[in-house]
Amino acid sequence: LIAVLGIMLGGMVGIGLVFVREIMRQGFLTAEEAKNKTGLPVLAELADDDEEGYRILRTNLLYRISQAENNRVMIADVAEPSGATSTLVKLAKLFAGAGKKTLLVDADLRNSKLYKLIDVTGNHGLAEVLSGNAQPLKGSENLGVIIGSQTL
């Protein structure tokens, strides 16, 4: 009787933990879930080394920008391991390579990771650019970069 009750209680606790974890889960598992919960379109699904996915995203962004009132795009991310910085670097390079004037801004003043992902000349950061004491760094002909802080 004790073993049966223990198994039943353990099963109920396990099922309860799964429900609690699902309720507390943040983020999205699928593009359809993201679209349904936010009401915003999903422009592309990206894998780590999926160059075609990044080109699709660039094309979709260019189309959306051409239909918008202004030509500015902001991509923000608060979750550390999601890879937004590397995604932004790839997108910025694709836009610049397509002849679009691109400014990549990393506003993380404490722990910018952009220096590790992009080759730029100079060592001043966001604070110097905002105060007017410096210009954005040059990444390439069409790519300007403003980095929050240099952590080497």
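The values are calculated or read from the model by the stated rules, or taken from the named source; none is laboratory data. All figures in this text were calculated on a predicted structure; none of them were measured in a lab. Every residue, glycine among them, receives a Cβ derived from its backbone with ideal geometry; neighbour counts consider all protein chains shown. Side chains are part of the model used for accessible areas, which takes the heavy atoms of the whole protein and leaves out ligands, DNA and RNA. Shrake-Rupley method; radii C 1.70, N 1.55, O 1.52, S 1.80 Å.
The condition (being without any contact (Cβ under 8 Å) to a residue 60 or more places away in the chain, aliphatic (A, V, I, L, M), surrounded by 10 or more Cβ atoms within 10 Å (Cβ to Cβ) and over 23 Å from S140 (Cα atoms)) is satisfied by just one residue among A44, A84, A92: A44. Are any residues in segment 1-33 modelled with pLDDT of 80 or more, closer than 30 Å to G53 by Cβ and open to solvent by less than 80 Å² (accessible area, probe 1.4 Å), and if so, which ones? Across segment 1-33, the qualifying residue is only E33. Within segment 99-148, the set of residues being of a type in the set (A, V, I, L, M), open to solvent by 30 Å² or more (accessible area, probe 1.4 Å) and assigned to a strand (DSSP E or B) comprises L103, V105.
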